[in-house]
Amino acid sequence: SEESLYSLMEEIRDNNLAGILFLIGETCVTEVPACVIEAGNAWNIPVFSASTAAYIGRITHDIADMIYKQNIITERGSAFWHALFTDEYANDPNKVLSEAMYYSIDYNGTYCVYIIRFMNLIEYSQNPNRAEGVRLLDDFLDNFHRRAGYFISTRHALFWELSQQESITVILSVNDAGEVSRMNQTVQELCQHIQEQFPGAVVRASKGTPYTGLPGARRSFIEARQAIHLSVLHTSYLRDYSDLGLFRIFYEIYNRKSLQKYIDDYLLPLVDYDKQNDTQLVHTLEIYYQNRGNVSETARDMFLHRNTLIARIAKIEQILHISLDEPHSFYNLYLAIQAKYFIENVP
């Protein structure tokens, strides 16, 4: 019936199968229903039909041959991108050009790099309730990579993919401005899709700036790699490097010792007080800044009475010998809080 064939299309979609081939005949399906064709178009599922079984072997052979050739092209291209991103070509621009020509990669093209990462893979794999599903970690990761690659391939034609343990790097060839917006939407949907497929997983994505030229592609990769470290506590699935704000400056001037000294200069007395008295004054200050200094909103988020929060703020001011009403003290502490978050989340 049409209903059962439509349900079959839903099952194909949900299990990420490659397509469907109908054998048409009096004793088989007499015709492909319109609802099946519409579903195939809507979900990017190829629908084939043949009137004799003799064509099935030929069609299968052609598809397998095409997949094999495409895999060879993809693997060779991935090897090029891996070498470019790992500094193998860093001091030899002529080699970059020659290798790009060999792999038919446009040296002067525009590229944007994304990273999709399974943020809590270790915790997820060690959860006894999920041990069966991730018993063989290599197989589990292979499944994760294949699902992600297929998901993207149904929506975008020209991209390369690098699979590395818990992360996937996607290099998008950008031909128009709308392509980046579409990929942004795709990777956010992908993160949500994988989290639904693997309950308890935390999957996030990051994006570098689109640049023209292969040296720019490497820069886009570095930006995406920097942004992914700061994405786990972000509310959205995708963290764009251009939206990192102050963290971009931290990356440009990154010196762990200098940042730690700055943090200690402004926060160390508070950190020490928390350790000695088992309090949460530093955390209180973080939430206070997240709420732009609004006492009522901070008290609500921390499930505190407003007067209790006011007392905590007074204690913070007493320990640090400052007034949070003074703009100079307020913003110095804000920078110290941001630097603390940065140094705790970036390797």
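List every residue pair whose Cβ atoms lie under 6 Å apart, where the two residues are 6 or more positions apart in sequence or sit on different chains, the first residue falls within segment 262-283 and is over 16 Å from Arg312 (Cα atoms) and in contact (Cβ under 8 Å) with a residue 24 or more places away in the chain, and the second residue, located anywhere, is open to solvent by 20 Å² or more (accessible area, probe 1.4 Å) and not β-branched (Val, Ile, Thr).
Here the result reads Ile263/Lys340; Tyr266/Asn332, each pair linking segment 262-283 to a residue that is open to solvent by 20 Å² or more (accessible area, probe 1.4 Å) and not β-branched (Val, Ile, Thr).
Is it true that Asn143 is modelled with pLDDT of 80 or more, open to solvent by 10 Å² or more (accessible area, probe 1.4 Å) and either touching a strand residue (DSSP E or B) at 6+ places or on another chain (Cβ under 8 Å) or within 23 Å of Val203 (Cα to Cα) (or both)?
Answer is yes for this residue.
Name the residues in segment 14-39 that are closer than 23 Å to Arg155 by Cβ and open to solvent by less than 60 Å² (accessible area, probe 1.4 Å), would you?
Residues satisfying the conditions are Asn16, Gly19, Ile20, Cys35, Val36, Ala39.
Which numbered condition in (1) open to solvent by less than 60 Å² (accessible area, probe 1.4 Å); (2) farther than 24 Å from Asp106 by Cβ; (3) in contact with a Leu (Cβ under 7 Å, 6 or more places away or on another chain) is the only one that Gln165 fails?
(1)
What are the residues in segment 196-212 that are modelled with pLDDT under 90 and either open to solvent by less than 30 Å² (accessible area, probe 1.4 Å) or of a type in the set (Gly, Ala, Ser) (or both), if any?
Listed by number, the residues that qualify are Phe198, Gly200, Ala201.
May I ask you to verify whether Arg155 is within 26 Å of Thr86 (Cβ to Cβ) and either in contact with a helix residue (DSSP H, G or I) (Cβ under 8 Å, 6 or more places away or on another chain) or of a type in the set (D, E, K, R) (or both)?
For Arg155, the condition - within 26 Å of Thr86 (Cβ to Cβ) and either in contact with a helix residue (DSSP H, G or I) (Cβ under 8 Å, 6 or more places away or on another chain) or of a type in the set (D, E, K, R) (or both) - is not met.
Being closer than 18 Å to Lys207 by Cα and open to solvent by 80 Å² or more (accessible area, probe 1.4 Å) is the filter here, so list the residues in segment 242-256 that pass it.
Once the filter is applied, which keeps residues that are closer than 18 Å to Lys207 by Cα and open to solvent by 80 Å² or more (accessible area, probe 1.4 Å), segment 242-256 yields Asp243, Arg248, Ile249, Glu252.
Could you grab the pairs with beta carbons closer than 8 Å, sequence gap of 6+ or different chains, first residue in segment 290-313 and more than 18 Å from Gln338 (Cβ to Cβ) and free of Cβ contacts under 8 Å to residues at least 12 places away in the same chain, second one open to solvent by 80 Å² or more (accessible area, probe 1.4 Å) and in a helix (DSSP H, G or I)?
Ser296/Arg306; Ala299/Arg306
Regarding Asn108, is this residue modelled with pLDDT under 90 and either open to solvent by 60 Å² or more (accessible area, probe 1.4 Å) or under 27 Å from Leu190 (Cα atoms) (or both)?
No.
In segment 262-284, what residues are polar (S, T, N, Q), in a helix (DSSP H, G or I) and surrounded by 11 or more Cβ atoms within 10 Å (Cβ to Cβ)? Before you say what the answer is, go through the steps one by one.
Restricting attention to segment 262-284, the residues satisfying the condition of being polar (S, T, N, Q) are 276-277, 279-280, 284.
Next, from what is left, pick out any that are in a helix (DSSP H, G or I): 276-277, 284.
Of everything in segment 262-284, just one residue is polar (S, T, N, Q), in a helix (DSSP H, G or I) and surrounded by 11 or more Cβ atoms within 10 Å (Cβ to Cβ), namely Thr284.
Give just the number: which of (1) of a type in the set (A, V, I, L, M); (2) modelled with pLDDT of 80 or more; (3) under 27 Å from Val346 (Cβ atoms) does Ala90 not satisfy?
Among (1) of a type in the set (A, V, I, L, M); (2) modelled with pLDDT of 80 or more; (3) under 27 Å from Val346 (Cβ atoms), the lone unmet condition for Ala90 is (2).
Could you list, in sequence order, all residues of segment 307-318 that are loosely packed, with under 15 Cβ neighbours inside 10 Å, in contact with a helix residue (DSSP H, G or I) (Cβ under 9 Å, 6 or more places away or on another chain) and either within 13 Å of Gly293 (Cα to Cα) or of a type in the set (A, V, I, L, M) (or both)?
Ile310
Look at Ile59 and say whether it is in contact with a strand residue (DSSP E or B) (Cβ under 8 Å, 6 or more places away or on another chain), within 18 Å of Thr154 (Cα to Cα), of a type in the set (Val, Ile, Thr) and surrounded by 11 or more Cβ atoms within 10 Å (Cβ to Cβ).
When the stated conditions are applied, Ile59 does not pass them.
Can you pull out every residue in segment 221-261 that is modelled with pLDDT under 85 and part of a helix (DSSP H, G or I)?
Selection gives Leu246, Phe247, Arg248, Ile249, Phe250, Tyr251, Glu252, Arg256, Lys257, Ser258, Leu259.
Got a sec? Which of Ala64, Ala79, Ala100, Ala42 is outside any loop (DSSP other than H, G, I, E, B), open to solvent by less than 50 Å² (accessible area, probe 1.4 Å) and hydrophobic (A, V, I, L, M, F, W, C)?
Ala100
The values are calculated or read from the model by the stated rules, or taken from the named source; none is laboratory data. Fair warning: this is a prediction, and the values are worked out from it, not measured in the lab. Methodologically, a virtual Cβ is constructed for each residue, glycine included, from the backbone with ideal geometry; neighbour enumeration extends over all protein chains shown. Just so you know, the surface numbers come from the protein's heavy atoms only, side chains and all, with ligands and any DNA or RNA stripped out. Shrake-Rupley method; radii C 1.70, N 1.55, O 1.52, S 1.80 Å.
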